[in-house]
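The values are calculated or read from the model by the stated rules, or taken from the named source; none is laboratory data. In this text, all values refer to a predicted model and were calculated from it rather than measured experimentally. In this analysis, Cβ positions are derived from the backbone assuming ideal geometry, glycine residues included, and neighbour counts consider all displayed protein chains. Only protein heavy atoms, including side chains, enter the accessible area calculation; ligands, DNA and RNA are left aside. Shrake-Rupley method; radii C 1.70, N 1.55, O 1.52, S 1.80 Å.
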Amino acid sequence: LAGLWTVFTLGGVGSKTSLQLERCSPLANQSLLLLLVLANLTDAPDTPNPYRQAITSFKNTQDSTAFSSSNPHAFQINFNSLYTALCEQQKSDQATLLLYTLLHQNSNVRTYVLARTDIENLV
């Protein structure tokens, strides 16, 4: 889970240009690209893609409802930290693709982002 958190926070590198980001944290950059590729692989006929299931079903740690899921790939993450990291990294193509993927495939993230009053930071 710590490795996935590093991918989601993009290595915690702050607001740097894409070239600086790649030089400063190549592991976070490559990990995020790998996560995006894995999450967008097509499902096998008999088994759904576990990476896509994880991306589409994770929930907010600050959500008041109890965390119970029949999905074995479900996990929780702090949406506020994720939102802040995505806002800081919007110059990065990888972060923009992650945001796009999350907004389109995870209704929990989409609801959280639409409820934010500072959405102009993301745009």
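For the structure I just gave you, tell me whether residue 83 is among the aromatic types (Phe, Trp, Tyr) and open to solvent by 60 Å² or more (accessible area, probe 1.4 Å). In short, no.
When 100, 112 are checked against the criterion of being among the aromatic types (Phe, Trp, Tyr) and open to solvent by 80 Å² or more (accessible area, probe 1.4 Å), a single residue qualifies: 100. Just wondering, is there one or more residues in the stretch 59-77 that are open to solvent by less than 60 Å² (accessible area, probe 1.4 Å) and in contact (Cβ under 8 Å) with a residue 60 or more places away in the chain? So far as the stretch 59-77 goes, yes, one or more of its residues are open to solvent by less than 60 Å² (accessible area, probe 1.4 Å) and in contact (Cβ under 8 Å) with a residue 60 or more places away in the chain. Within the stretch 23-47, the residues that satisfy the criterion of being in contact (Cβ under 8 Å) with a residue 24 or more places away in the chain and outside any loop (DSSP other than H, G, I, E, B) are 29, 31, 32, 33, 35, 36, 39. Consider the stretch 27-49 and keep the residues that are within 19 Å of residue 75 (Cα to Cα) and open to solvent by less than 50 Å² (accessible area, probe 1.4 Å). The one that is farthest from the chain's Cα centre (by Cα) is 49. Answer yes or no as to whether residue 58 is at pLDDT below 95, closer than 20 Å to residue 31 by Cα and in contact with a strand residue (DSSP E or B) (Cβ under 7 Å, 6 or more places away or on another chain). When the stated conditions are applied, residue 58 passes them.
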